[in-house]
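Reading through the structure tokens given below for one structure.
Computed from the coordinates by the stated procedures, all read-outs in this text should not be read as laboratory data. Everything numeric here is computed off the predicted structure, so don't read it as measured data. Please note: Cβ atoms are built from the backbone with ideal geometry, for glycine as well, and neighbour counts cover all protein chains shown.
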Amino acid sequence: MMLLSIKTAFHFIHKTNPMSAPLLPKARVWRKQGEGLKLTAKGSKDLPGGRRLHVIVAIAHGKGVVLREANDTMNAGFFAKFISNHFNACFACCRPKRNGQRLFVMDNDPSQPSRAALNAIDRIEAQFHKIPSTSPDLTPIESVFHFLKWSLENEAVSSEITHECIDDFKSRVYRALDNLSIDVIDCTIESMCDRIDTVIRSGGHRTKY
């Protein structure tokens, strides 16, 4: 099965002083092993801070980041057009189709299961897999996203970036995506089988992932 991991809503928050937030003390919540929610939902999209930068990102094993494109509006019509314009090229970056199959795993964006989007997915001969909204987070690109945010924060501190306009921030996000290690992405994708086994053994409780 050919697998392409795409996140349609990477939310990067532009800060005029990107160095300030990473230097603040980090809060921690301590839990005993097995304690906490059995199933976890996505965090709130009502994020604090400045202007949001929305970026569509796709990763593939052995290829790294194969797509990164900013967008201002994500709706059914936009996403259907995006599938027609970009998905074939993204899938072409992956390994050859196995038994003629392609798999697209949605990330719970409400525009993805629209009729227009599903028709566009059918036209490129891909399969659509929907993950329930309260499922454990097992898409590899989510882990890559957290690593990317960590890299951006470290860069702001190490480079002492105390002022940044939205255009400079966008360029820095693109550069960070372009510089993501293929080895890091491959290791994350290859770890998914172990992650799934761990979640099954824990009965859906929190895991080290």
For this session: Scan around ALA70 for amide H atoms under 5 Å from its own, H built in the peptide plane at 1.01 Å from N, and keep only partners 5 or more places away or cross-chain.
Result: ILE56
Seminar exercise, completed: Surrounding charge for ALA116, neighbours by C-beta under 12 angstrom, Lys/Arg +1, Asp/Glu -1, total +2
Exercise. Say the cut-off is 27 Å between C-alpha atoms; which of LYS63/LYS170; LYS130/LYS170; LYS81/LYS130; LYS81/LYS170 go over it?
Worked result: LYS130/LYS170
Seminar exercise, completed: Filtering GluC sites (Glu not before Pro) in segment 138-209 by DSSP loop and by at most 16 other Cβ atoms within 10 Å leaves GLU160
